[in-house]
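Structure record follows, encoded as structure tokens.
What follows draws every value from the coordinates through simple rules; no lab data is involved. Since the structure is predicted, the reported quantities are computational estimates derived from the model, not experimental observations. Here Cβ is always computed from backbone atoms with ideal geometry, including for glycine, and neighbour counts include all displayed protein chains.
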Amino acid sequence: MAKKPSNWKQWRNKQLKDPEIRKAYEDAKIEMDIGVALAEIRKKKKLTQTQVAAILGTSDAQIIRLEKGMANPTLRTLRKIADALGLKLEIRLVPEGRLLKKAS
């Protein structure tokens, strides 16, 4: 009988050894980072999700999905959010110190 992982991190690390799961996890993490940033900025500006939705001309359900990382915003949407909230949009690829396999 296989030994069960003793905690969440061990279980997650075991699952992330699968390349398909790893890719899905990384994609979701990026979306979640954008959502977390949007929520933090919204709160600092003392705006509700409904107020941000009204500014953007969308539904508060869409803002909730964005903040929870359940939506994949387009560049156009990110620009619209930045403009509406008085932000500067920066998109960067930053090395994390890990090597990726080169394409053959």
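Here is how the numbers come out for the structure above:
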read-out	value
Kirkwood-type radius of the stretch 47-93, with distances r between different C-alpha atoms, in Å	11.0 Å
Inter-label distance for W11 and Q51, nm, one decimal - labels placed 7 Å from Cα along Cα-to-Cβ	3.9 nm
